[in-house]
């Protein structure tokens with residue numbers, strides 16, 4: 001594998017790569033606009049608790065049939081994308097994942113900025129359901145060490161290629177104006193814009 005070659009792989013199970021990918025996700029997203037607006041990271045334990053919540057959420061995603069894709073360069077995980085595709089898996093199986101972790105994650109509840117969380121929740125909802133058969137790009141992150149190398153754009157292209165056969169579009173939302181411009185440059189269109197007192201939420205769609 002050459003220095004700049006990046007390959008993409010679907011995570012299928014909770015293994016060492018899964019743990020590494022979630023560590024990258026938590027580290028990257030703790031400064032993301034929505035996350036920083038929702039949680040109080042001034043508390044020393046918030047980062048650890050946020051990581052544990054991220055790990056649990058990803059396990060639930062796998063159990064429900066959603067996709068987690070990683071980008072690798074020279075065997076190092078350099079990026080991750082989470083795609084909501086289907087909802088399956090029994091309620092009982094989900095409880096087996098969630099219940100053992102509930103007590104450990106309770107402290108994170110005290111770090112939530114509830115007024116902000118309510119505003120975020122409202123801004124994240126579309127006023128009308130999408131007509132297109134679509135997947136939702138819930139998150140995409142590239143390690144800080146590898147940003148500026150075009151990996152994010154290649155990752156988006158990979159996502160588009162994987163789902164173009166069976167779906168009509170990719171949907172996402174972002175509260176980061178810089179990210180909104182990046183998505184726009186690769187073909188995403190703003191289909192709706194909602195507001196909080198502090199920022200705009202851009203709902204975007206990439207049609208195949």
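The values are calculated or read from the model by the stated rules, or taken from the named source; none is laboratory data. Source: prediction; values computed, not measured. Neighbour counts are summed over all protein chains in view; Cβ atoms, including those assigned to glycine, are modelled from backbone coordinates with ideal geometry.
Brief remarks follow.
- Complete set of residues in the range 173-191 that are in a helix (DSSP H, G or I) and in contact with a strand residue (DSSP E or B) (Cβ under 6 Å, 6 or more places away or on another chain): 180, 183
- Here residue 158 fulfils each of the conditions (1) within 18 Å of residue 77 (Cβ to Cβ); (2) at pLDDT below 95 apart from (2).
- Search result, residues across the range 155-168 that are in a helix (DSSP H, G or I) and surrounded by 15 or more Cβ atoms within 10 Å (Cβ to Cβ): 155, 156, 158, 159, 160, 162, 163
- At least 2 residues being modelled with pLDDT of 70 or more is the threshold, and among the helices (runs of 4 or more DSSP H) wholly inside the range 1-113 those reaching it are 16-29, 33-38, 46-63.
- Note on the range 134-154: residues that are at pLDDT below 95, more than 18 Å from residue 9 (Cα to Cα) and either in contact with a strand residue (DSSP E or B) (Cβ under 8 Å, 6 or more places away or on another chain) or surrounded by 19 or more Cβ atoms within 10 Å (Cβ to Cβ) (or both) total 1.
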